[in-house]
Amino acid sequence: MQHETDQDQRYAEAAAAHGPALERMARGYEADPDRRRDLLQEIHLALWRSLAAFDGRCSLATWVYRVAHNVAASHVGRQKRLSRGLCGVEELERAPAPDDPERETGERQAMDRLMGLVHALRPIDRQVMLLFLEDLPAAEISAVTGMSPGAVATKIHRIKALLAERFHGARSHD
Amino acid sequence: MTDDVKQLWQSQQTEGPALDLEDIRRRARRAQRVVALRNLISYASMLIVILGYGFYVLALDGVFVRLGCFLVVLGAFYCAISLSAQGGSRRAPAQAPADSYLQFHRRELERQRTFVLRSVRLMVLPITPGFAMLLIAAPIELQSWSWTDSLIVAGAFIGIVAVSLPLVRLRVNRLSRMLEELHRLGAP
């Protein structure tokens, strides 16, 4: 009973602290609203279950992000047809920005463009991008993903360049 | 610049808690029932094969036909036990979902690769001796079964295996490439 209470308490703490971030993350992995709702519920279920075995090997935040991203990346992997078209940050850097004669303005369009960029990424790059957007430091991104600090630093550098190019370019046409 | 994008991302409106604790417990129980049902269906399928060939052991004439059926039953038992053992090793430790992405997916890919590599040994080889004996003995001991019938069945079996093996090899190669990529990402 005590064990169950600890698990419930940890889950309540995790959901309170990271619930909004998990919801944003689910949007980053699934565009369809119904499937996204299912994904978010799957994440919360996996998180609650996993917290029964929380052993303090990492911070609660790192644990939460790991569980959430693993569940979400598995979800993307199951959508096999969609995942064939996904690419890495490096490929997006080389691709020209979409040539839209009607230049996008406004927060809504910028958000749509950002989401489109995120959805084009394969799981490991998407994970780094989403954690970067949540303002996690590189060291924590490395802890969540298991990537080496060097690999994380390279990805972040490319993400910054990509975002600057895709979003700065639109602003200069406003 | 990127701070603006981060702010844009974090300013998204969120809907609030996806589930309460009671909902989560209910879903956890439902998920366990789904897994139990899936296992039950697998074992039921194996049981049907065992009962079917078990019936033939008793009902058919011919020593070697009966022996062939008995060997198929033994092979099916071995498949069931091996798959059950595979299922046990497939269950990740409770804290596995909280492994880093690389650890989690490396384990999943390795599990899939092992399963695919062993699939022929686990599912085809155990029943092959009994099946071969049946195909050879049936035309000799059973009036209703001809050599042509045995050749057709043997040809179909070999054809299915011949088509499956390259696909198995392709899948194993693809999984190995994915594992190498994960290994490169994790290397210091």
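Summary table below
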{"read-out": "Over segment B:40-188: Rg over Rh, Cα atoms, Kirkwood Rh", "value": "1.13"}
{"read-out": "Long-range amide H partners of B:Leu142 with built H, under 5 Å", "value": "none"}
{"read-out": "Of all accessible heavy-atom area on segment A:105-174, the percent that carbon and sulfur account for (1.4 Å)", "value": "54"}
{"read-out": "In Hz, Karplus ³J(HN,Hα) per residue of segment A:50-60 (6.51, -1.76, 1.60; θ = phi - 60°; x = Gly, Pro)", "value": "5, 5, 5, 10, 4, 10, x, 5, 8, 5, 4"}
{"read-out": "Partner chain coverage, peptide B:102-109 - average Cβ within 10 angstrom", "value": "4"}
{"read-out": "Ellipsoid semi-axes in whole angstrom, largest first, where each is sqrt(5λ) of the Cα gyration tensor of the protein assembly as shown", "value": "51, 26, 18"}
{"read-out": "Segment B:130-188: equivalent-ellipsoid semi-axes (sqrt of 5 x gyration tensor eigenvalues, Cα, Å)", "value": "46, 10, 5"}
{"read-out": "Fraction of the pair-distance distribution of segment A:1-69 above 15 Å, Cα-Cα pairs, percent", "value": "50"}
{"read-out": "Ellipticity estimate at 222 nm from DSSP helix runs (n ≥ 4, -39,500 (n - 2.57)) divided over the protein assembly as shown, nearest 500", "value": "-27000 deg cm²/dmol"}
{"read-out": "Per-residue average of Cβ from other chains inside 10 Å of A:14-26", "value": "3"}
{"read-out": "Long-range amide H partners of A:Leu121 with built H, under 5 Å", "value": "A:Cys87"}
{"read-out": "Partner chain coverage, peptide A:140-147 - average Cβ within 10 angstrom", "value": "4"}
{"read-out": "Chain B: DSSP helices with Cα axial extent of at least 15 Å and average Kyte-Doolittle hydropathy no lower than 1.0", "value": "B:63-90, B:128-141"}
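The values are calculated or read from the model by the stated rules, or taken from the named source; none is laboratory data. It should be emphasised that the depicted structure is a prediction, and the values quoted were computed from it without experimental measurement. Note that each Cβ is placed from the backbone with ideal geometry, even for glycine, and that neighbours are counted across all protein chains shown. What goes into the accessible areas is simple: the full protein's heavy atoms, side chains included, and nothing from ligands, DNA or RNA. Shrake-Rupley method; radii C 1.70, N 1.55, O 1.52, S 1.80 Å.
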